[in-house]
Amino acid sequence: MTSGRARPLFPIGVAVVAFAFLGLFMLYPLWNVFRASILDSAGETFTLANYAKVLSTAFYRAGIFNSLLIGILTTLATIAIGVPLAFCVARMPVPGKPLLLALAALPLVLPSFVGAYAWVLLLGRQGILSQALATVGVPGVSIYGIGGLVLVFTLHTFPYVMLPALAAFKAVDVSIEEAGQNLGASRLRTFQRVTLPVVMPAVLAGGLLVFMETLENFGVPFVLAEDMPILAVQAYKLFVGEAGANPALAGVLGVLLVGCTTVALLLQRFYLARRRFATAARTAPPTLAASRWLRWAAGGYAWGVVLVSLVPFFAIVAVSFMRFKGPVMHLEPSLDNFLNLFSRSQRPLANTIMLATAAAAGAAILGVPIGYVLTRFRSGAAHILDVLAMVPFAVAGTVLGIGLVISFNSGWLVLTGGWLILVLAYLVRKLPFNVRASAAILHQIDPSLEEASINLGVSPLRTFFGLTVPLMAGGIIGGTVLTWVTIASELSSTVVLYSGPWTTLTVVMFQALEGTSAGAASAAATVLILVTIVPLAFVYRLLKRHDVALV
Amino acid sequence: MTAIRIDDVARAYGPVVAVAGVSLDIVAGELFTLLGPSGCGKTTLLRMVAGFSKLDRGRILFGDRRIDTVPPHRRNAGMVFQNYAIFPNMTVGGNVAYGLKARHVPGAEMKARIARALELVRLGGFGERWPHQLSGGQLQRVALARCLVVEPDVLLLDEPLSNLDAQLRVEMRAEIRALQQKLRITTIYVTHDQEEALAISDRVAVMRGGRVQQLGTPANIYRRPASAFVAAFLGTTNLLSGPVVARTSAGAVVLADGQRFTVTADGIAEGARVSFSLRPEAIHLSASGEALPPGWAALEARVARIEFLGAITRIEFSYADGALLRVAVLGLPPGLAEGATARLVYDPAQTTVFPAP
Ligand SMILES: Nc1ncnc2c1ncn2[C@@H]1O[C@H](COP(=O)(O)OP(=O)(O)OP(=O)(O)O)[C@@H](O)[C@H]1O
Ligand SMILES: [Mg+2]
């Protein structure tokens, strides 16, 4: 859509605004984290002593090791679970597929630390299930530790692998598959030659997302790791400082964390870029004929995985309506937990709604033009934007939070203690999703529509606002609600950045976890789950129609 | 009525040269077609005129007005897109009104003009319909109406019929031609369908590899192709080549695939290698004793394959070394079976000779 020999100003303008915004509220804070990590305690001279200290301390080394180990195990587990699941949905006769698909993406948006806490209620030391198991003679089953972390992470992140794999299985050109078999190739060889090359890049791209999410997640290890060191939690604790804040060491851990996720992101981008060359089948492959036994197995497996990933959420909602006496639950329905929760203050709920709304709207205002430039222009500005807008993916919320505090707690712009710093953190973190959602929506709008409008005498700018935006509206609304929902349950940067009057629901939940009041925690969890699910149910159709996906 | 002048324009996408220096003078009021195979740069050239593709060099003028430096929304060049590009969120009337609104046409006049435009494309009364309720041919007409209602200086059509089925294509192309004649609007029409190009154009430019290969009226480029490429691209033909072995009063004799052919010869020396095109419909079947018109040439051949197509029959003959010659005759000649021999005759004046490639 270039006009004559004039340089297109729109992409350059958008790039400048995006660069200024991300430069100030992402790159500058990250730079400050890095700076803190390479300066001595006086904050003046350059030193590598902080790195030396971290790498020579067994406790921190263990944190790095544990984080990477959990990341790798979770990635492998999600692939082991997600790929067969995708295959079942794509090619096997599984009953209730539309519902299954709607539910299968849910674990990604439900707050992960709520899930972790729900598993504690089920399989913790006083857990409902573990006690039941103990009475039938199976003691010592526990959700804490590496096994539990990997389990909870896997159930939270498997859609990252399953959804792209599903798309890939559907994109396999069956005629090639059939041709392979006609030529006498065995089923296995056909799978290796035809199916695998299409599915593999998608699976790897998804797997790397899992790895990044696992590495930067703060809430789940906070609930389940107990004394086991984990990078994201250590960075937080060092920064908040139960025994005196140590931004230098927190900075080192933050740099290591961002370093690992950046490597994963670069690999992921590489595979995503190659994935476009996958075959594009015109019709989805047919469902395979299966014996009754196989049908049951496929259906049982698919529904089993999805239900197990959601069960803890059902459980915690049920628990929240029980009466608690101290930490002990009684099987007696009651609204006490909610009354207690809201009698203390209604501020957190109002805060969550207000902050999420502001941040989601901001992400749309910034993200839609960026997505537009990425899909419609091929200039240098577009390439820079493409890279820039994806960087927040690799930045752990905790690290971003720490960076924002270091950067804006004094000097020319003081933001700590207010609401704006939370909104800015959310905005930065959710921008990549919004940009990609906008791009996906735009891919469905033929560029010749815009050209037709310009051709009829409407300037490019007025075409964008008068034609493109209305055409995108449904998708933008859907995408913004999705963003809103994930912001409402954001914990990792919130926990670093919140201040007294700006306590959110997630913070209430977090504080309840630290205390022993399971009743209040489960009530907060239920509110969070509702805040997530109800808006999604409203826009589900919009999301499907405009092809807005989480992955 | 606006003449279009395209002056040595070029455009490369990295190493790919899409348009390699094209100059065209399109007369006011004519229907001018860009014809060529896929990837030859037709769309790029058209989009340069519309303002959606940059020029690396050259100029484009509407009349005396230079427009390649004018942004696309101020060129007043109406374009119809291959996929119609009908706005799905507006009714048919809304689509047609779109350009008028941008021009701030007052309400009453706007209504009248929309109605007139829809009448023009025979969609009167369709204003309230939604695009998804229309057929492909109807969408095509909406696109035309939307474009014509703003009274553009020129009309640009990029393969406007390629998404329609064969019969509708033939109907719509006649309609487009009739409309163009009625409005006398200067039109550039892009297509890769030679029949379509021949059927509707005042003049045709045959393009290849970003260049214009030949420019002329349909009859002219069909009968007198300037190159083997143009001959082959404009319908089926027999392309033969060989050395000139003799000269006769009727022309030059060329030895091709072991057979002597007589071709029109203006200044071809004996011994030179030439290529020539002999159209299937220029070859006739003749009984063996029959006298030939003066100057005509004949050859013996064997029927290799017969394809009966109703109005005409295509026959492939093998001759001399077994090379094949395509012949088209009206109806079904009686008593012709595969394997039979026949005498083929043609007028050397109907051949076209090219310099050997
Ligand atoms: N945006 C672009 N980027 C890179 N190359 C392009 C672009 N647009 C066109 N080309 C290349 O320029 C050449 C001419 O393309 P153009 O679309 O003008 O061909 P065309 O004659 O319209 O073909 P078709 O009949 O297939 O529509 C092709 O080789 C094409 O691949
Ligand atoms: Mg084209």
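The values are calculated or read from the model by the stated rules, or taken from the named source; none is laboratory data. Predicted, not measured: the structure shown is a model, and the values here were computed from it. A quick note on method: Cβ atoms are made from the backbone with ideal geometry, for glycine too, and the neighbour counts reach across all protein chains shown.
Take the conditions (1) buried (at least 22 other Cβ atoms within 10 Å of the Cβ); (2) within 28 Å of A:Gly466 (Cβ to Cβ); (3) within 16 Å of ligand 2 (Cβ to nearest atom); B:Asn83 misses just one of them, which is (1). Look at B:Ala231 and say whether it is modelled with pLDDT of 95 or more and under 16 Å from the mean Cα position of the chain (by Cα). No: the conditions fail for B:Ala231. Checking each residue in the range B:22-47 for being more than 10 Å from ligand 2 (Cβ to nearest atom) and either crowded, with 16+ Cβ neighbours inside 10 Å or not in a strand (DSSP E or B) (or both) picks out B:Val22, B:Leu24, B:Ile26, B:Val27, B:Ala28, B:Gly29, B:Glu30, B:Leu31, B:Phe32, B:Thr33, B:Leu35, B:Pro37. Of the residues B:Asp165, B:Asp158, B:Asp193, the single one that is in the same structural domain as B:Ala205 (by TED's automatic domain parsing), of a type in the set (Asp, Glu) and over 17 Å from the mean Cα position of the chain (by Cα) is B:Asp165.
In the range A:163-178, the residues that are modelled with pLDDT under 70 reach residues that are of a type outside the set (Phe, Trp, Tyr) with C-beta atoms within less than 6 angstrom, at least six apart or across chains, in these pairs: A:Asp173/A:Thr279; A:Asp173/A:Ala281; A:Val174/A:Pro285; A:Ile176/A:Val194; A:Glu177/A:Thr190; A:Glu177/A:Val194.
The criterion of at least 2 residues that are touching a residue at least 40 places away in the same chain (Cβ under 8 Å) and over 26 Å from A:Glu216 (Cβ atoms) is met, among helices (runs of 4 or more DSSP H) falling completely within the range A:9-64, by A:9-22. When residues in the range B:260-294 are screened for being in a loop (DSSP other than H, G, I, E, B), of a type in the set (A, V, I, L, M) and within 30 Å of the chain's Cα centre (by Cα), 1 of them pass.
Which residue pairs have Cβ atoms under 8 Å apart, sit 6 or more places apart or on different chains, and have a first residue in the range B:27-46 that is more than 18 Å from B:Lys182 (Cα to Cα) and a second that is near ligand 1 (Cβ under 6 Å from one of its atoms) and polar (S, T, N, Q)? Filtered contacts from the range B:27-46: no entries.
Every condition in (1) facing chain A (nearest Cβ under 8 Å); (2) out of contact with any Phe, Trp or Tyr (no Cβ under 7 Å at 6 or more places or on another chain); (3) farther than 26 Å from B:Leu134 by Cβ holds for B:Pro72 except the one numbered (2). Exactly one residue out of A:Leu265, A:Leu335 is under 22 Å from the mean Cα position of the chain (by Cα) and modelled with pLDDT of 80 or more, and it is A:Leu265. Residues of the range B:249-259 that are assigned to a loop (DSSP other than H, G, I, E, B) and modelled with pLDDT of 85 or more: B:Asp257, B:Gly258. Can you find even one residue in the range B:41-51 that is in contact with a Lys or Arg (Cβ under 7 Å, 6 or more places away or on another chain), assigned by TED's automatic domain parsing to the domain that holds B:Gly209 and under 15 Å from B:Val212 (Cβ atoms)? Taking every residue of the range B:41-51 in turn, at least one turns out to be in contact with a Lys or Arg (Cβ under 7 Å, 6 or more places away or on another chain), assigned by TED's automatic domain parsing to the domain that holds B:Gly209 and under 15 Å from B:Val212 (Cβ atoms). The single residue among A:Ser438, A:Ser410 that is out of contact with any Phe, Trp or Tyr (no Cβ under 6 Å at 6 or more places or on another chain), in the same structural domain as A:Val496 (by TED's automatic domain parsing) and not in a helix (DSSP H, G or I) turns out to be A:Ser410. Comparison of A:Phe46, A:Phe87 shows that the only residue that is surrounded by fewer than 19 Cβ atoms within 10 Å (Cβ to Cβ) and away from chain B (no Cβ under 14 Å) is A:Phe46.
Comparison of B:Phe32, B:Phe52, B:Phe62, B:Phe87 shows that the only residue that is away from ligand 1 (no atom under 12 Å from the Cβ) and at the interface with chain A (Cβ under 8 Å from one of its Cβ atoms) is B:Phe87.
Number of residues in the range B:48-76 that are within 16 Å of ligand 2 (Cβ to nearest atom) and assigned to a loop (DSSP other than H, G, I, E, B): the value is 2. Take the conditions (1) more than 14 Å from chain A (Cβ to nearest Cβ); (2) buried (at least 22 other Cβ atoms within 10 Å of the Cβ); (3) small (Gly, Ala, Ser); B:Gly99 misses just one of them, which is (1).
Note on the range A:448-479: residues that are closer than 14 Å to B:Ala85 by Cβ and either buried (at least 23 other Cβ atoms within 10 Å of the Cβ) or within 9 Å of chain B (Cβ to nearest Cβ) (or both) total 13. Taking the criterion of being modelled with pLDDT under 85 and farther than 16 Å from A:Val220 by Cα, the residues of the range A:509-531 that qualify are A:Gly515, A:Thr516, A:Ser517, A:Ala518, A:Gly519, A:Ala520. A single member of B:Glu316, B:Glu290 is among the charged types (D, E, K, R) and modelled with pLDDT under 90, and it is B:Glu290. Residue count for the range B:309-339 satisfying the condition of being over 23 Å from B:Ser277 (Cα atoms) and surrounded by 11 or more Cβ atoms within 10 Å (Cβ to Cβ): 4.
Selection over the range B:1-17 of residues that are away from chain A (no Cβ under 14 Å), within 10 Å of ligand 1 (Cβ to nearest atom) and in contact with a strand residue (DSSP E or B) (Cβ under 8 Å, 6 or more places away or on another chain) gives a count of 2.
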